[in-house]
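The values are calculated or read from the model by the stated rules, or taken from the named source; none is laboratory data. Because the structure is predicted, anything quoted here is derived from the model rather than measured. Glycine gets a Cβ as well: all are built from the backbone with ideal geometry, and neighbour counts include every protein chain shown. The protein model used for the area step is the full one, side chains on, heavy atoms only, and it has no ligands, DNA or RNA in it. Shrake-Rupley method; radii C 1.70, N 1.55, O 1.52, S 1.80 Å.
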Amino acid sequence: MNKLSYVFYRTMLWLWDIISLNIVLILVSYYVDRARAFDQQEYHVFFAVINLSWMASVYVTSLYLAKNWLDFENFFKRTLKSYLITLLLLFLFIFLYHFQYSRVYILSVILGFGIILTLNRLFFNLLVFSLRSKFRLQKNVVILGYNDISKRLLRYFQEESKFVHVAGFF
């Protein structure tokens with residue numbers, strides 16, 4: 001895959017996360033009658049704040065811009081960091097705004113978004129595994145020379161990089 005397709009998949013993942021967040025907000029607003037989220041302006045502000053806090057936390061953690069975003073473990077850790085920063089900003093907003101939001105509504109949004117993010121990451125991981133097997137995303141590398149530096153380079157490729165296949169030494 002070339003650089004353009006990486007940019008395309010990162011953009012699609014970013015858009016899917018924002019769309020998922022807004023779907024969770026709309027569904028929770030629809031099902032939690034006590035909140036009356038569609039009628040009150042404070043909940044509209046809440047919608048904007050949670051979207052902006054997610055985008056800010058994604059920017060701070062460089063979630064979609066990291067060089068190894070196809071590595072599921074690191075990507076999931078950065079996603080968890082972004083989610084926790086979003087929760088921190090959200091709780092700070094609720095504390096400073098002094099509006100009595102429905103606790104059921106807030107808890108449902110937080111849990112729903114966490115579940116949807118986890119499902120998105122699992123789906124993304126399955127997609128990456130299928131792309132790896134189908135399109136062979138690994139690059140073949142030949143190491144010229146056989147000394148200590150080339151051995152360390154080989155160990156690095158075997159331990160750290162999942163997208164490099166060492167074809168041999170010369």
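Data table
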| item | result |
| --- | --- |
| Theoretical FRET efficiency, 1/(1+(r/R0)^6), r = Cβ-Cβ of Tyr97 and Phe76, R0 35 Å, to 0.05 | 0.70 |
| Helix-only CD estimate at 222 nm, as mean residue ellipticity for the chain, using -39500 (n - 2.57) per DSSP H run (n ≥ 4) | -25000 deg cm²/dmol |
| Alpha carbon convex hull of the chain, projected area averaged over orientations, nm² | 11.9 |
| Residues whose placed amide H lies under 5 Å from that of Val164, excluding near-sequence neighbours | Lys139 |
| Probe 1.4 Å, protein heavy atoms only - accessible area per residue of the chain in square angstrom | 67 |
| Accessible-area composition of the chain, carbon plus sulfur, in percent [1.4 Å probe] | 66 |
| Charge-dipole axis of the chain as Lys and Arg at +1 and Asp and Glu at -1 on Cβ define it, positive-most pick from Leu107, Tyr31, Leu127 | Leu127 |
| Within the chain, longest stretch free of exposed trypsin sites (Lys or Arg not before Pro) [DSSP loop, at most 14 other beta carbons within 10 Å] | 68-135 |
